[in-house]
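Engineer: Dropping a structure here in C-alpha cells format, bear with me for questions.
The values are calculated or read from the model by the stated rules, or taken from the named source; none is laboratory data. Since this is a predicted model, take the numbers as computed values, not measurements. Counting neighbours? That spans all protein chains shown, and the Cβs are built from the backbone with ideal geometry, glycine included.
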Amino acid sequence: MTFLALNAVSKNFGPNTVVRDFDLAMHNGEFISLLGPSGCGKTTVLRMVAGFETPSAGQIEIEGQDVTGMRPNQRRIGMMFQSYALFPNLTVAGNVAFGLKVAGLPKAEVAARVQEMLDMVGLSGLGGRYPFQLSGGQQQRVALARAIAPRPRVLLLDEPLSALDAKIRVSLRTEIRAIQRQLGITTLFVTHDQEEAMTMSDRVVVMSGGRADQVGRPEEIYNRPATRFVAEFIGALNLLPGTLRDPTAGMVETATGPVALARPVERPAGAAVTLAIRPEMLRLLAPDEATSGHAFHGHLLAREFLGPIIRLRAQLQNGPVFSVDCFNRDGGAIPEIGQIIRLALHPEEMVLLEE
Amino acid sequence: MVATTDLPMNSTAPRKGRARLRLAWLGVVPFLAFALLFLLAPLFYLVIGAFQTPEGGFTLANMAGLAAPNIAASFWLSIRLSLASAAIGTVTGLLLAHALILGGMPGWMRRGLTAFSGVASNFAGVPLAFAFIATLGRLGLVTVLFKGLGFDLYATGFSLFSFWGLALTYLYFQMPLMLLVITPALEGLKPEWREAAESLGASGPQYWRMVGGPVLAPSVMGCFLLLFANAFGTLATVIALTGSNFSVVPILLFQQIRGNVLYNPNLGYALALGMILIMVVSNLLYIALRARAERWQK
Amino acid sequence: MMVARKTGRRIGPALITLAAALYFFVPLYAAFQFSLQMRRGEWSLDAYRSVLASDVFLNAFLFSITASGAAILCGVLLVVPTAYWVRLKLPRLRPVVEFISLLPLIIPSVVLVFGQIRLFGSNSWLPLTTTDLGTNLLLIAGYVVLSLPYMFRAVDNGMAMIDIATLTEAAETLGASRLRTIVTVIFPNIRAAIVSGAFLTFSICLGEFVIASLLNRQAFGPYMVQLGQDRAYEPAALAILSFGLTWLLMALMQAAAQRKPGQGWLPFRNKAPRP
Ligand SMILES: Nc1ncnc2c1ncn2[C@@H]1O[C@H](COP(=O)(O)OP(=O)(O)OP(=O)(O)O)[C@@H](O)[C@H]1O
Ligand SMILES: [Mg+2]
C-alpha cells in the first residue's frame, strides 16, 4: 500500500520552475534517496513534504490523507538538517524532549522516551550537555533522536551527513539505516553522494532539473540507467557513439569498428546511438587469450592506482579513450604504458542510451 | 668549554624574550596614558572627592546628602525615565526589527529603515528637541491637528515637557538604536530552528517561548542596558526641551557645575559618583543575568 | 489555506513597519513645515536665511567643525596603532583596551567633563582651563573620549575582517619591514573602517552640547540651545539642517565602509570592474 505519495507535484519560485511533475509513491517503512546534482530541486521536494513550501501544483498524501495544505506542525513529520539545527539553549535531553513536551506528554513518559532515544543513538550519558559541547557526529545523533522521538510518520533527512568527516559519515549512515529499519519509519533521504544513496536505500530517485529521471533499486539505476543523464551521473562511464546498422541483430557501426549487441534494438536502422560501458565491465586480455565476446583494440595511455583497483586509460584504435578497472591483485599482469592491449566485453553488459 | 658557552646562551634567550615583551608594552603606552589622563583619572578624582570635605578630610556626609528629598527624587525620576524609555525602546525596536527581518518585508523597506536608523540614532541632542517641539509642542503640528479634530492633547494632562513627553522624544533615538544593535542577533536566529520546531509540532508562540526567546534573551538584555545608559546620560535633549526645569540627575549635576543651586561643591562629586554607581550596578546586574541566560554558550 | 496564512503573517509586520515609519517621518515633516512659516501667511525660507546669514552661527559652526576635525585626527592617531598593536602583539591586553574604549558609552558625558574640569581646573597640577588653548585642548580630549567607543569599534572590526595577524606575517615573509607593512598593507585595507569611524565621530561632536557648554566654548551645540530659547522658527530650520547634515555624514560613512579595494572615492572614477 502507498504510504506517502507525491502526485504530479510542481513548484515555481517566481518564473523559475524548480520541481516539475514529480511523482513518487513510497511504501510503509521504505527508505528512498533523492539523488542529483546541486540545484536540481531535492531540498525543495523534501521541504514540500515537510510543509515548509507549498506546491504550486499537485498533491501530497500521507496515509491516504491529503496534507498538501496542512501546516508543518500538524503533519507529524521528523526532519534532520545538514546543519544539525539543534536548539542551542536546550541540553541534549531538552532537545530530544522538545517534540514530546509540545505534544503534551506527561513528564515521566517524556523522561523515559528521552532515555530510550539517547540509548538508541548511543549517547546515554550525554543528556545534560549543551550542543556546543558535542562533536558534529554527536550533534547529528541528537538531531536524529530528536526527530524520531515523537514517533513521526515520515522521516525527512536533508544531507544530514555532508557536514561530517568521511569516517563518521560512513559509520553514521549505517546506524541511521539500522535505526530506520528497527523502527520501520518511512524515510526520504536527500543526498548528492551516490555512494550514500546506493548503500542506504531501498530505492533511489535520480533527479535532474526538477524532474525524476529514474526511480529504481540501486542495482537497476546502476546497471540499467534509463537516461544518458542517469548513466553519466552515477559511476564512471565510457561512451562510444555510433550508428545502428542492423536493428534485429543489434549491430552498431562505431569509429573503432562494428560492435554486436547480440540483441534486437527497437530503433530504425541508421539511428545515432551511444553505447555506455562501465570501466569494471571491461577485462584486459592476456596477449594470446581468446574471447567469446567483443574485443576492443588499443594501447595503454596511463594507469592510476586507486587502492583496491587500478584504473587504466586506454586509447582505442581510431576511437575514444576508455577507462578500464582491474583489481589490484592483477597488478603484475598489467602491461607497460604504450603497449598494445585488448579489452574484452560481454555484449549484454553494454547499455544502449537513448539520446 | 662547550658547557660554558652553552650556559649564557640559554639564560639570555628568555631574557631577550622578556625584554621584547616589555618593549611590546610600549606600543600601548600612548593609549593607556591618554585614557588614564582624560578618562580614568577624572573619574577617580570624582570618586575620591565624594568622600572628602572641602578641606580635604574624610567624610560620608556628601554621600549621605544624596538622601536629601530633592536629590533622591531626582535620582528616582532619572531611573524611572531611563527605565521607561529603555523598555519602550527595546520593545518597539524589537518589534520593528522582527517585522523587518523575519516578517518578510521587501528588501528596500528594510534597507531604507536601517539606513534611517543609522541617522536617527545619531540625531540626538538639541535638533531632536526642536523637531519634537514643532510636532508636539503647544503649537506643534500634531497638537494643532488633534485640536482641529476636537481632541485637546494638553487637556489630557500630556505635555511634551513632562515625563512621557520626554520618553516619547527619547524614543526617536532609542528605537533606531535598538533596531541597529539587535539586528545581528535576530539574523543569528537560524531558520532551521524554527523549521525543526515546527516539524516537531510546535506552534509559533511555542517556538518563541522555548527556543527563540531564550536564544535572544542575552542580546536583548544587553541592548536594554545600552538604551538605559543612553537615556540616563541624556542631557542636551532635556535642556533644549525644558530649559533646566526638569530635574533629572544630569541636569542637577550640570547646574551644580555651573555653580548654582547647591551650596556644597563636594556634593557634586557625590552626585557624579551616584550616577557612576547606578551604571556599575546595572552593569553587574546585566552580567549576572547574562551569565544565567548564556550558560549554553561557550 | 497556506496562502492565507502567509499573507496573514504579513499584515502584522506591515502595520508595525508603517507605524514606525510614520513616527520617524512626522517630526521631520513638522519641523520642516514649521521652519517655512516665519513670514506670516505664506511659505518662505526666511528662517534658513536668518540662520545662515548670522555671524554667530557661522563662527560657532566653524569652531565645531575645527574641534571635530581635531578630535578625529587625535582619535585616529590614538586608536589605530593601539588596535593594531594589541591584535598583533598583546592579545592578552585586548579585554582591557576594549573595556576602556567602551567605558564612555556607560559613563554620562556630564560626569566625565565634571571630572576633567576639576582635575585640570585653575588650581590643579595642570591648569588647562585657565587658558583658551588649554580649554580647547580639553574640549578635543573630551571629544576623543566621547567618540572612543565608536572609533575603536569601527577600526577593530575593520581589522578583524582582514585578519591583520596573517596579513602582517605574509608581508614580513615577503621581506617587508614593519613600517612598510603598516603603510602599504595594513593601512589601505582598514582605510574604509577608519573613514567610517571618522564620520561617526564627526556626527557626534558637531552638535555636542554638554562638554562645550561646561567649558564655555562658543560651539554649535550651545549656540543651538541659545537659539532655541530666543527664537521660534529658526530652531526648526536648524533641526532640518542638522538632520540633513547627519544624513549626509552617515551616507558618506556607508559609502566609505562599502567601498571595495581598487574602487575610486568617487563613483565616476572607478577603476575596478563592477562584479
Ligand atoms: N526560496 C527560494 N526562492 C527562490 N528560489 C529558490 C528557493 N529555494 C530554492 N530555490 C531554487 O530552486 C532550485 C532548487 O533548489 P534546491 O535547494 O531544491 O536544490 P538542491 O537539489 O537541494 O541543491 P543542493 O544539492 O545544492 O542542496 C535552485 O536553483 C534554487 O536556487
Ligand atoms: Mg539542498
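Engineer: Please go through region C:24-71 and give me each residue that is assigned to a helix (DSSP H, G or I) and of a type in the set (S, T, Y), ordered by number. Reasoning before the result, please.
Structural biologist: Keep residues of region C:24-71 that are assigned to a helix (DSSP H, G or I), which gives C:24-35, C:46-52, C:55-71.
Those that are assigned to a helix (DSSP H, G or I) and of a type in the set (S, T, Y): C:Y29, C:S35, C:Y48, C:S50, C:S64, C:T66, C:S68.
Engineer: Taking the condition of being of a type in the set (A, V, I, L, M, F, W, C), assigned to a loop (DSSP other than H, G, I, E, B) and within 16 Å of ligand 1 (Cβ to nearest atom), how many residues in region A:60-82 meet it?
Structural biologist: Taking region A:60-82 as the starting set, the residues that turn out to be of a type in the set (A, V, I, L, M, F, W, C) are A:60, A:62, A:67, A:70, A:77, A:79-81.
Still in the list and also assigned to a loop (DSSP other than H, G, I, E, B): A:67, A:70, A:81.
Filter once more, so that each one left must be within 16 Å of ligand 1 (Cβ to nearest atom): A:81.
The qualifying residues number 1.
Engineer: Which ones in region C:33-63 are under 24 Å from the mean Cα position of the chain (by Cα) and touching a residue at least 60 places away in the same chain (Cβ under 8 Å)? Walk me through how you get there before you give the answer.
Structural biologist: Of all residues in region C:33-63, those under 24 Å from the mean Cα position of the chain (by Cα) come to C:51-52, C:56-63.
The answer is C:V51, C:V56, C:F57, C:N59, C:A60, C:F61, C:F63.
Engineer: Take A:L24 and decide whether it is of a type in the set (A, V, I, L, M), away from ligand 1 (no atom under 13 Å from the Cβ) and in contact with a Leu (Cβ under 6 Å, 6 or more places away or on another chain). Outline the logic, then answer.
Structural biologist: Values: of a type in the set (A, V, I, L, M): yes; away from ligand 1 (no atom under 13 Å from the Cβ): yes; in contact with a Leu (Cβ under 6 Å, 6 or more places away or on another chain): yes.
Spelling it out, A:L24 is indeed of a type in the set (A, V, I, L, M), away from ligand 1 (no atom under 13 Å from the Cβ) and in contact with a Leu (Cβ under 6 Å, 6 or more places away or on another chain).
Engineer: Residue under question is B:A270, and the condition is that it be over 26 Å from B:V181 (Cα atoms) and in contact (Cβ under 8 Å) with a residue 24 or more places away in the chain; does it hold?
Structural biologist: Values: over 26 Å from B:V181 (Cα atoms): yes; in contact (Cβ under 8 Å) with a residue 24 or more places away in the chain: yes.
Yes: the conditions hold for B:A270.
Engineer: Enumerate the helices (runs of 4 or more DSSP H) found wholly within region A:113-203, keeping only those where 2 or more residues are small (G, A, S), out of contact with any His (no Cβ under 7 Å at 6 or more places or on another chain) and more than 16 Å from ligand 2 (Cβ to nearest atom). First the steps, then the outcome.
Structural biologist: Working: elements: A:136-148, A:166-183, A:194-200.
Hits in region A:113-203: A:136-148, A:166-183.
Engineer: Within region B:105-118, take every residue that is within 7 Å of another protein chain (Cβ to nearest Cβ) and touching a Pro at 6+ places or on another chain (Cβ under 8 Å) and give me the one that is surrounded by the fewest Cβ atoms within 10 Å (Cβ to Cβ).
Structural biologist: My answer is B:M105.
Engineer: At pLDDT 90 or above and touching a Phe, Trp or Tyr at 6+ places or on another chain (Cβ under 8 Å): does that describe B:V280?
Structural biologist: It is false that B:V280 is at pLDDT 90 or above and touching a Phe, Trp or Tyr at 6+ places or on another chain (Cβ under 8 Å).
Engineer: Consider only pairs whose beta carbons are under 9 Å apart and that are at least six residues apart or on different chains; among these, list those whose first residue lies in region C:98-112 and is within 7 Å of chain B (Cβ to nearest Cβ) and whose second residue is surrounded by fewer than 18 Cβ atoms within 10 Å (Cβ to Cβ).
Structural biologist: Every condition considered, the pairs that remain are C:I100/B:L32; C:I100/B:L40; C:L103/B:L40; C:I106/B:V280; C:I106/B:N283.
Engineer: How many residues are more than 14 Å from chain B (Cβ to nearest Cβ), farther than 19 Å from C:L206 by Cα and touching a helix residue (DSSP H, G or I) at 6+ places or on another chain (Cβ under 7 Å) if we restrict to region C:47-63?
Structural biologist: Adding up the residues that qualify gives 1.
Engineer: Can I ask one more? Can you tell me which condition A:A260 does not meet? The list is (1) outside the structural domain of A:R75 (by TED's automatic domain parsing); (2) within 20 Å of A:V19 (Cα to Cα), and all the others hold.
Structural biologist: Every condition holds for A:A260 apart from (2).
Engineer: I would also like to ask the following. Could you go through region A:76-84 and let me know if any residue there is at pLDDT below 95, within 16 Å of ligand 2 (Cβ to nearest atom), more than 19 Å from A:V154 (Cβ to Cβ) and of a type outside the set (F, W, Y).
Structural biologist: yes
Condition check ((1) crowded, with 18+ Cβ neighbours inside 10 Å; (2) within 22 Å of C:S203 (Cα to Cα); (3) of a type in the set (A, V, I, L, M); (4) more than 8 Å from chain B (Cβ to nearest Cβ)) across all residues:
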{"position": "C:M38", "(1), (2), (3), (4)": "yes, no, yes, yes"}
{"position": "C:E42", "(1), (2), (3), (4)": "no, no, no, yes"}
{"position": "C:L45", "(1), (2), (3), (4)": "no, no, yes, yes"}
{"position": "C:L73", "(1), (2), (3), (4)": "no, yes, yes, yes"}
{"position": "C:V86", "(1), (2), (3), (4)": "yes, no, yes, no"}
{"position": "C:P91", "(1), (2), (3), (4)": "no, no, no, yes"}
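Engineer: I would also like to ask the following. It is to be established whether one or more residues within region C:164-179 are facing chain B (nearest Cβ under 10 Å) and either hydroxyl-bearing (S, T, Y) or surrounded by fewer than 17 Cβ atoms within 10 Å (Cβ to Cβ) (or both).
Structural biologist: Filtering region C:164-179 for residues facing chain B (nearest Cβ under 10 Å) gives none.
Within region C:164-179, none of the residues are facing chain B (nearest Cβ under 10 Å) and either hydroxyl-bearing (S, T, Y) or surrounded by fewer than 17 Cβ atoms within 10 Å (Cβ to Cβ) (or both).
Engineer: So is A:L24 away from ligand 2 (no atom under 16 Å from the Cβ), away from chain C (no Cβ under 13 Å) and part of a strand (DSSP E or B) or not?
Structural biologist: Working: away from ligand 2 (no atom under 16 Å from the Cβ): yes; away from chain C (no Cβ under 13 Å): yes; part of a strand (DSSP E or B): yes.
So A:L24 passes the test.
Engineer: Against the condition more than 14 Å from chain B (Cβ to nearest Cβ), farther than 25 Å from A:Q139 by Cβ and either within 16 Å of ligand 2 (Cβ to nearest atom) or in contact with a Ser or Thr (Cβ under 9 Å, 6 or more places away or on another chain) (or both), how does A:M1 come out, does it pass? Steps first, answer last, please.
Structural biologist: Details: more than 14 Å from chain B (Cβ to nearest Cβ): yes; farther than 25 Å from A:Q139 by Cβ: yes; either within 16 Å of ligand 2 (Cβ to nearest atom) or in contact with a Ser or Thr (Cβ under 9 Å, 6 or more places away or on another chain) (or both): no.
Against the criterion (more than 14 Å from chain B (Cβ to nearest Cβ), farther than 25 Å from A:Q139 by Cβ and either within 16 Å of ligand 2 (Cβ to nearest atom) or in contact with a Ser or Thr (Cβ under 9 Å, 6 or more places away or on another chain) (or both)), A:M1 does not qualify.
Engineer: Determine whether region A:49-59 contains at least one residue that is within 16 Å of ligand 2 (Cβ to nearest atom) and either part of a loop (DSSP other than H, G, I, E, B) or under 17 Å from the mean Cα position of the chain (by Cα) (or both).
Structural biologist: Let us first name the residues in region A:49-59 that are within 16 Å of ligand 2 (Cβ to nearest atom), namely A:49-50, A:52-53.
Filter once more, so that each one left must be either part of a loop (DSSP other than H, G, I, E, B) or under 17 Å from the mean Cα position of the chain (by Cα) (or both): A:52-53.
Yes, region A:49-59 contains a residue that is within 16 Å of ligand 2 (Cβ to nearest atom) and either part of a loop (DSSP other than H, G, I, E, B) or under 17 Å from the mean Cα position of the chain (by Cα) (or both).
Engineer: Within region A:76-95, can one find any residue that is farther than 30 Å from B:A293 by Cβ, buried (at least 22 other Cβ atoms within 10 Å of the Cβ), in contact with a strand residue (DSSP E or B) (Cβ under 8 Å, 6 or more places away or on another chain) and of a type outside the set (G, A, S)? Walk me through it before giving the result.
Structural biologist: Quick first cut of region A:76-95, residues farther than 30 Å from B:A293 by Cβ only: A:76-77.
Okay, now just the ones that are also buried (at least 22 other Cβ atoms within 10 Å of the Cβ), so A:77.
Next, from what is left, pick out any that are in contact with a strand residue (DSSP E or B) (Cβ under 8 Å, 6 or more places away or on another chain): A:77.
Going one step further and asking which of them are of a type outside the set (G, A, S), we end up with A:77.
Looking through region A:76-95, at least one residue is farther than 30 Å from B:A293 by Cβ, buried (at least 22 other Cβ atoms within 10 Å of the Cβ), in contact with a strand residue (DSSP E or B) (Cβ under 8 Å, 6 or more places away or on another chain) and of a type outside the set (G, A, S).
Engineer: Based on what the data block shows, is A:V45 away from ligand 2 (no atom under 16 Å from the Cβ), more than 10 Å from every other protein chain (Cβ to nearest Cβ) and not in a strand (DSSP E or B)? Steps first, please.
Structural biologist: Working: away from ligand 2 (no atom under 16 Å from the Cβ): no; more than 10 Å from every other protein chain (Cβ to nearest Cβ): yes; not in a strand (DSSP E or B): yes.
Considered against the rule, which asks whether it is away from ligand 2 (no atom under 16 Å from the Cβ), more than 10 Å from every other protein chain (Cβ to nearest Cβ) and not in a strand (DSSP E or B), A:V45 comes out as no.
Engineer: Examine region C:118-135 for a residue that is in contact with a Phe, Trp or Tyr (Cβ under 9 Å, 6 or more places away or on another chain), among the small types (G, A, S) and in contact (Cβ under 8 Å) with a residue 40 or more places away in the chain, and state whether such a residue exists.
Structural biologist: No, the conditions are met nowhere in region C:118-135.
Engineer: Show the residue pairs that are 6+ apart or on different chains and have beta-carbon atoms under 7 Å apart, the first residue being within region A:27-55 and within 11 Å of ligand 1 (Cβ to nearest atom), the second being hydroxyl-bearing (S, T, Y).
Structural biologist: Once the first residue is within 11 Å of ligand 1 (Cβ to nearest atom) and sits in region A:27-55, its partners that are hydroxyl-bearing (S, T, Y) give A:L35/A:T191; A:G36/A:S208; A:P37/A:S208; A:C40/A:S208; A:E53/A:T44.
Engineer: Checking the structure you have, find out if any residue of region C:166-186 is part of a helix (DSSP H, G or I) and of a type in the set (D, E).
Structural biologist: Just the residues of region C:166-186 that are part of a helix (DSSP H, G or I), to begin with: C:166-173, C:178-186.
This time we only want the ones that are of a type in the set (D, E), so: C:169, C:172.
Within region C:166-186, one or more residues are part of a helix (DSSP H, G or I) and of a type in the set (D, E).
Engineer: Just to be sure, is C:D156 touching an Asp or Glu at 6+ places or on another chain (Cβ under 9 Å) and away from chain B (no Cβ under 11 Å)? Quick ask: steps written out before the conclusion?
Structural biologist: Working: touching an Asp or Glu at 6+ places or on another chain (Cβ under 9 Å): yes; away from chain B (no Cβ under 11 Å): yes.
Taking the combined requirement at face value, the residue satisfies it.
Engineer: Suppose we keep only residues that are within 11 Å of chain B (Cβ to nearest Cβ) and within 16 Å of ligand 1 (Cβ to nearest atom) within region A:142-168. Which one would you say is nearest to A:Y84 (Cα to Cα)?
Structural biologist: A:D158
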